[in-house]
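Undergrad: For reference, the structure I am asking about is given below.
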Ligand code: SAH
Ligand code: SF4
């Protein structure tokens, strides 16, 4: 796609501490923070109170400097500063689209980079965060899928993306201001950036628990949506241990087509996936599941597909997000025509399901769904590697 919309692009370089330096407190659960403090000499009896105090400074007030933690003694602050750091991913660049979407490039330990996208809307602001550098899966329509998995992000790097965006949006409470006094710019989280979150379950879970903690970032579990390509064994765990909303990259209505588009289907097919999804709303106490469906010209966009889709999801409380395919250089698909997308949406709508067509956001800066891929990791997988992965 060639677009010439103006974008702003500024680069910041912030010096970083070496990864093998002091322990980073960001991303530790309350229990892990307690154990870490005790291991470094905080008396057991005080540990609980210290966890509460430090937690609030970090996650409620956005403080990064132990010196600013004024309800701790000067000596204790010094001790903390000697042993620990409070570190979030480094913002390497920020691009702002003509529609207000912001795309950040965040650098994490080892020099790897992930993309983070902020999408402002009238009634909410959504941050799309990444869970892995690259992805082991190779969905044919996804740009990230052409980038090999480099590594899983740590819990600190996941929750750190939220903190980094709050820094940029100037969203931490100001001095003299109570937490939550201003309307929130960053009100929702979607795990729809780079990577398959359910292949990094523990870190995603810990990061989301931190983001949901009422004495910190305090996002309700209903404002967090995790998107999976269909890692069936982890779906019930997501309900029980995170309890957030679930979105599923469905994208096809027969195993034959889904095997090609979403190769994980060869491991867990449509029927197995739907069985796992049927239990999700009950287990997680959430209302409905979002089915994501990318509209690919002449691949999955016929009337017959729409009718099959409605049949398949019968009985599951669902909303279907139709995503016009977002193009990227070398992509093997085309976006369905607009009239086709509307006809498809109409069939689903008449069957009683919400079927919003997602307007692509931030296309001019390649920030739309499936366009994310960090510049540093351009190596394309060979056809043989893609096929070998798909056959797993
Ligand atoms: N790995 C997870 C989450 C990241 S992808 C998953 O697959 O669900 C977030 C959503 O964007 C998924 O529904 C994905 O299928 C969709 N997507 C990927 N590439 C796309 C593209 N080029 N155009 C539109 N949507 C795309
Ligand atoms: Fe990975 Fe999701 Fe992209 Fe598939 S759509 S390659 S699972 S990031």
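Only the coordinates and a few stated rules stand behind these numbers; no lab work does. If you're wondering where the values come from, they're calculated on a predicted model, not measured in any experiment. Note: ideal-geometry Cβ built from the backbone for every residue, glycine included; neighbour counts use all protein chains shown.
Undergrad: How big is the gap, in Å, between the Cα center of region 60-125 and the Cα center of region 128-192?
TA: Going from one Cα centre to the other spans 10 Å.
Undergrad: Restricting the count to DSSP beta bridges whose residues both fall in region 167-315, what percent are antiparallel, rounded to a multiple of 5?
TA: 0
Undergrad: Using Cβ counts within 10 Å as a stand-in for footprinting exposure, how do 57, 268 rank, fewest first?
TA: Arranged by neighbour count, lowest to highest, 57, 268 become 268, 57.
Undergrad: Using only Cα atoms, tell me the angle between helix 74-83 and the longest principal axis of the chain; keep it within 0 to 90° and round to the nearest 10.
TA: Around 50 degrees separate the two axes.
Undergrad: Please check: in the Gaussian network model of the chain (C-alpha springs, under 10 Å), which one of 97, 131, 73 has the largest mean-square fluctuation.
TA: Its mean-square fluctuation being the largest, the pick is 73.
Undergrad: Rounded to the nearest 500, what is the chain's calculated 222 nm mean residue ellipticity when only DSSP H runs of at least 4 contribute -39500 (n - 2.57) each, over all residues?
TA: Value at 222 nm, helices only: -9000 deg cm²/dmol.
Undergrad: Assuming 0.36 nm per residue, please report the length gained on full extension of the stretch residue 256 to residue 170 beyond their Cα-Cα distance.
TA: 26.2 nm
Undergrad: If you don't mind, there's one more thing I want to ask. Taking the DSSP beta bridges in the chain as the whole, what percent of them are antiparallel, to the nearest 5?
TA: 50
Undergrad: Still on this structure, I have one more. Take every Cα pair under 8 Å in region 90-390 that's 6+ residues apart, average their separations, divide by the length, and report that relative contact order as a whole percent.
TA: In percent, rounded to a whole number, it is 19.
Undergrad: Just subtract the alpha-carbon distance of residue 182 and residue 346 from 0.36 nm times their residue separation and send over the number in nm, one decimal.
TA: So the extension gain works out to 55.1 nm.
Undergrad: Follow-up. Would region 258-298 count as rounded, prolate or oblate if I go by the C-alpha gyration tensor, calling it rounded below 1.5 in a/c and otherwise prolate when a/b exceeds b/c, oblate otherwise?
TA: oblate
Undergrad: Follow-up question, since we're still on this one. What angle, in degrees between 0 and 90 and rounded to the nearest 10, separates the Cα long axis of helix 44-55 from the longest principal axis of the Cα atoms of the chain?
TA: Its long axis makes an angle of about 60 degrees.
Undergrad: Provide 205, 358 in ascending order of the number of other Cβ atoms located within 10 Å of each residue's Cβ, fewest first. Present the calculation step by step, with values, prior to reporting the outcome.
TA: Working: 205 21, 358 16.
So the ranking, lowest neighbour count to highest, is 358, 205.
Undergrad: Any chance you could run the full-extension gain for residue 319 through residue 358? It's 0.36 nm times the residue separation minus the Cα-Cα distance, nm to one decimal. Mind showing how you got there, number by number?
TA: Working: separation 39, 0.36 × 39 = 14.04 nm, distance 1.22 nm.
The residue 319-residue 358 span can extend by a further 12.8 nm.
Undergrad: Which of 328, 172 has the fewest other C-beta atoms within 10 Å, and how do the rest follow up to the most?
TA: Arranged by neighbour count, lowest to highest, 328, 172 become 172, 328.
Undergrad: Under the definition of Cα pairs under 8 Å and six or more residues apart, what whole-number percent is the relative contact order of region 23-85?
TA: RCO, region 23-85: 37 percent.
Undergrad: Round to the nearest 10 and give me the degree value, 0 to 90, for the angle of helix 201-212's Cα axis relative to the longest principal axis of the chain.
TA: 60
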